[in-house]
Amino acid sequence: MHLKATITVKKLRCKGCGICVAFCPKHVLAVDALSKVFIRDAEACIGCGQCELRCPDYAIFADKVKGAAV
Ligand code: SF4
Ligand code: SF4
């Protein structure tokens with residue numbers, strides 16, 4: 001299984017609002033007990049970029065893996 005995108009979380013910026021979790025169509029993300037987002041299922045990511053687009057705090061980045069078909 002090839003990953004479609006590399007998800008990077010800047011934990012210091014994340015406030016755990018859950019917006020990215022709600023907009024992710026593949027349930028890749030979740031918020032932990034410390035109110036920080038984490039990647040619970042990297043292989044499910046389709047690289048749509050919604051998490052990066054919707055985060056109000058620029059705390060998450062979706063970098064498409066070169067050559068990956070979406
Ligand atoms: S939208 Fe941004 S601030 Fe909110 S939980 Fe996701 S990464 Fe954290
Ligand atoms: S790029 Fe899309 S599928 Fe991947 S974690 Fe972000 S919202 Fe979810």
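We did not get these values from a lab; they are worked out from the coordinates using the rules stated. A quick note: this is a predicted structure, and the numbers were derived from the prediction, not measured. A quick note on method: Cβ atoms are made from the backbone with ideal geometry, for glycine too, and the neighbour counts reach across all protein chains shown.
Applying a 4.7 Å Cβ-Cβ cutoff to the chain, the cysteines left without a disulfide-compatible partner are CYS14, CYS17, CYS24, CYS45, CYS48, CYS55.
Available extension along the chain between HIS27 and LYS66 is 11.8 nm, counting 0.36 nm per residue and deducting the alpha carbon span. Each of LEU3, ALA30, GLY18 was scored by the projection of its Cα onto the charge dipole of segment 1-47, and the greatest displacement toward the positive side belongs to GLY18; charges sit on the C-beta of Lys, Arg, Asp and Glu. Here the ratio of the Cα radius of gyration of segment 2-65 to 2.2 N^0.38 Å is 0.97. Using Cβ point charges alone (K and R +1, D and E -1), the dipole size of the chain about the Cα centre works out to roughly 120 debye. Evaluated over the chain, the count of Lys pairs having alpha-carbon atoms less than 16 Å apart is 7 (only pairs 8 or more residues apart or interchain).
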